[in-house]
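Everything below concerns the one structure shown next.
A short reminder: the numbers here are calculations on the coordinates, not readings from a lab. Keep in mind that what you see is a predicted model, and the values were worked out from it rather than measured. Note that each Cβ is placed from the backbone with ideal geometry, even for glycine, and that neighbours are counted across all protein chains shown.
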Amino acid sequence: MPSQNRTRQIILLIERISAILFGIATLVVFVSAVGRYAFASPIPDAFDISRLVLAVTIAWGFASLGYRGSHIKVDLLTQWLSPAKQRIADLFAWTVLLIFSSLLCWKLGEKALSNFSHGEVTMDLRIPHWPFLSLIVLGLIMAVITTLIRLSRIYRFGEGLDHEAPSLTDESGAKDHE
Amino acid sequence: MSENDLIAIGGFVVLFLLMLVRVPIGVAMGVVGVGGFGAIVGLKPALNLLATSPIRTITDFNLTLIPFFILMGVLATQSGMSRELFRAANATLGSFRGGLSLATIGSCAGFAAICGSSVATAATMTKVAYPEMKKAGYSDEISTGVIAAGGTLGILIPPSVVLAVYGYITELDIGTLFIAGVIPGLLALVMYMITARLWYGRQLPAGKPFSLKEALAALNGVWAITTLFILIILSIYMGIATATEAAAVGAVLTAIIGLLRKQLNMASLLDSLVEALRTSVAVYTILIGAILFGYFLAITRVPQSVTQQLLELGLGPYGTLCLIMLMFIILGCFLDAMAMIILMVPIVYPVIVQLGFDPIWFGVIIVMTVELGLITPPVGMNVFVINAIARDVPLPTIFKGVLPFVATDIVRLVLLIAFPALVLYLPGTME
């Protein structure tokens, strides 16, 4: 199991790569929208490229959340539990996440493989979908690994799920879901 | 009771148990969805759902507006626009008695118009407005109550992530839903201001007059973002751009404004992208789970049974509507707004359609109902967020401060139920 610092660096790298891809997807939609309305010439395949690139970033983002524990969850009951019981609840919760992520990874892996031989292509440029699907599966594999790392840290060091979560009180971390 | 009914009930029990032990809400819904579907049709078809449904969700172009709008909000926060909005609102309203409280509500509305998240609005405005109000002699009860209530505007004033999710689930046009939220959002803003002024009356400190020069300087900081917001809403309203395109254009232009005004640099831009991505993934996880759970609902015919049973109660359309809203308010004690919408809307939506209510109108009404959960105990997410930042203010004080605004919310809900045109007028005039 890698040291905590190295794990953090790897997670940060994953987050930054996916953030750049996220930025690219946003730019593609922006340029295509401006191109269409201002010059009557949208970017070819902007629709497919932006949604597929964004899907890759979301899948890679699962790796970040698996480690940081910052999925949306209900804290109502567990906040009243003793630290030992909280740890058991956290272990259980992240084991369920691990099983779910692993199943997702397996089934999407199969889909990516089948797409490799006779798969879909984008509408305009006929770019095959399989490279994007492969990157999505890679993201899910990373998510399984990072979830496993978080589980191990809960078990070995008693770290809670929110140990590496971005602080809600940070101005930059203030985003939530409502 | 048939076997399917038992599986449905069991599924809901397992779902709530999983959520109570902090299994991520989306994962809990996904596990129960696949497991419940598998219990009825077999394991193999259930597992095959995992190969098709989640990938469809994350590659759905219609959903991409959610990360784009989240990004726009994060960029606005990183650029310090919340502070500028507060300064501008204060320069405009600060001379009246209780002007700072009115300015706080006004800047909450302004920030909500860029951000789309209630919790983010409450968190940001606590840092910006609370110290100023404390310095000006406002009691903790008033200042935190005003911020908690003002924060809820984030869920209603477009762009609203929760309204977008409602639109996705019900297959309604998200742009139309955003436009439908405009008048109720403005109504909320005005009613909150009136409540603050009338309820707290003489308890509010006197205002501080601003010179024209000061006011113009403060307004100078917000013209760009105000223009951007108006352009986004107008482009959706006039059908010039889809909501997704408007979201992407809004995010890119917010970044450009921030970079040009040197409020953002490449490092903070990257940080914003990372932050927006984390939040977006959390939302997507719930959506993936919700769609999987939808298969379980469909095969167990839960929505049909609920529809039949609610209609058999013979409460009439408005009685049934009140019962549904009550269910949302009770669930709001345990679940957050997004989870409630995703879990409950597929179940009650057929009832609403059958009763002849307008789905767009219902979307706004139900979002306002879950908004109540953000400021009422025991969860009251906004209250907890404020408490996490203003640590010296006890939770009961914040809840006490927010109480008059809860009453206002209920009055506003009654108004919108009595006069649906307040919601439906603008969508009816869309091109």
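Annotations for the structure displayed:
- Contour excess over end-to-end distance, with Cα ends at A:Tyr155 and A:Ala84 and 0.36 nm allotted per residue: 24.5 nm
- As a proxy for reagent exposure, B:Met72, B:Met238, B:Met19 were ordered by neighbouring Cβ count within 10 angstrom, fewest first; the result is B:Met238, B:Met19, B:Met72.
- Loop-resident trypsin sites (Lys or Arg not before Pro) (DSSP state other than H, G, I, E or B) in the range B:260-348 with no more than 11 further Cβ atoms inside 10 Å of their Cβ: B:Lys262.
- Its DSSP H runs of at least 4 residues, each contributing -39,500 (n - 2.57), put the calculated 222 nm mean residue ellipticity of chain A at -25000 deg cm²/dmol, to the nearest 500.
- For a label point 7 Å along the Cα-to-beta-carbon line of B:Ala407, residues of the range B:91-106 with backbone N under 20 Å: B:98, B:101-102, B:105
- Remark on B:Ala241: its backbone amide H falls under 5 Å from those of B:Ile236, a criterion applied only to residues 5 or more positions apart or on other chains, H modelled at 1.01 Å from N.
- Between B:Gln309 and B:Val414, the simple spin-label model (points 7 angstrom out along Cα→Cβ) gives 3.0 nm.
- 3J(HN,Hα) from dihedral phi, the range A:105-117, Karplus parametrisation 6.51/-1.76/1.60, rounded to Hz, x for glycine, proline: 4, 4, 5, 6, x, 4, 5, 4, 5, 5, 5, 4, 8
- Helix-derived mean residue ellipticity, 222 nm - over chain B, DSSP H n ≥ 4, -39500 (n - 2.57), to 500: -26000 deg cm²/dmol
- When the P(r) of the range B:313-397 is calculated, the portion above 18 Å amounts to 47% of the C-alpha pairs.
- For the pair B:Lys213 and B:Phe16, the difference between a 0.36 nm per residue extended length and the Cα-Cα distance amounts to 65.2 nm.
- 3J(HN,Hα) along the range B:220-229, derived from phi through the Karplus expression 6.51 cos²θ - 1.76 cosθ + 1.60 where θ = phi - 60°, amounts to 4, x, 10, 4, 5, 6, 5, 4, 4, 4 Hz, with x in place of Gly and Pro.
- The range B:156-263: C-alpha gyration tensor shape, a/c 1.5 cut-off, then a/b vs b/c: oblate
- Here is the list for the range B:337-431: trypsin sites (Lys or Arg not before Pro) lying in DSSP coil, each with at most 16 other C-beta atoms within 10 angstrom of its C-beta, are B:Arg391.
- The range B:174-252-the range B:1-33 distance, computed between alpha-carbon centres (Å): 40
- Cβ-derived FRET efficiency at R0 41 Å, A:Ser41 paired with B:Leu395, nearest 0.05: 0.15
- Mean projected area (nm²) of the alpha-carbon convex hull when the range B:206-291 is viewed from all directions: 9.6
- Nearest-0.05 FRET efficiency for B:Leu270 and B:Val353, computed from C-beta distance (R0 60 Å): 0.85
- In units of the compact-protein estimate 2.2 N^0.38 Å, chain B shows a Cα radius of gyration of 0.99.
- Inter-label distance for B:Lys44 and A:Trp106, nm, one decimal - labels placed 7 Å from Cα along Cα-to-Cβ: 1.5
- Part-to-part distance (alpha-carbon centres) for the range B:368-418 and the range B:97-131, which is given in Å: 14
- Semi-axes of the equivalent ellipsoid of the range B:1-133 are 46, 18, 11 Å, computed as sqrt(5λ) over the eigenvalues of the C-alpha gyration tensor in descending order.
- Shape of the protein assembly as shown, Cα gyration tensor, a/c cut at 1.5: rounded
- Net +/- balance of residues flanking B:Leu93 in space, Cβ distance below 14 Å, scoring K and R +1, D and E -1: +2
- Tensor-based shape of the range B:170-228 (alpha-carbon gyration tensor, a/c under 1.5 rounded, otherwise prolate or oblate): oblate
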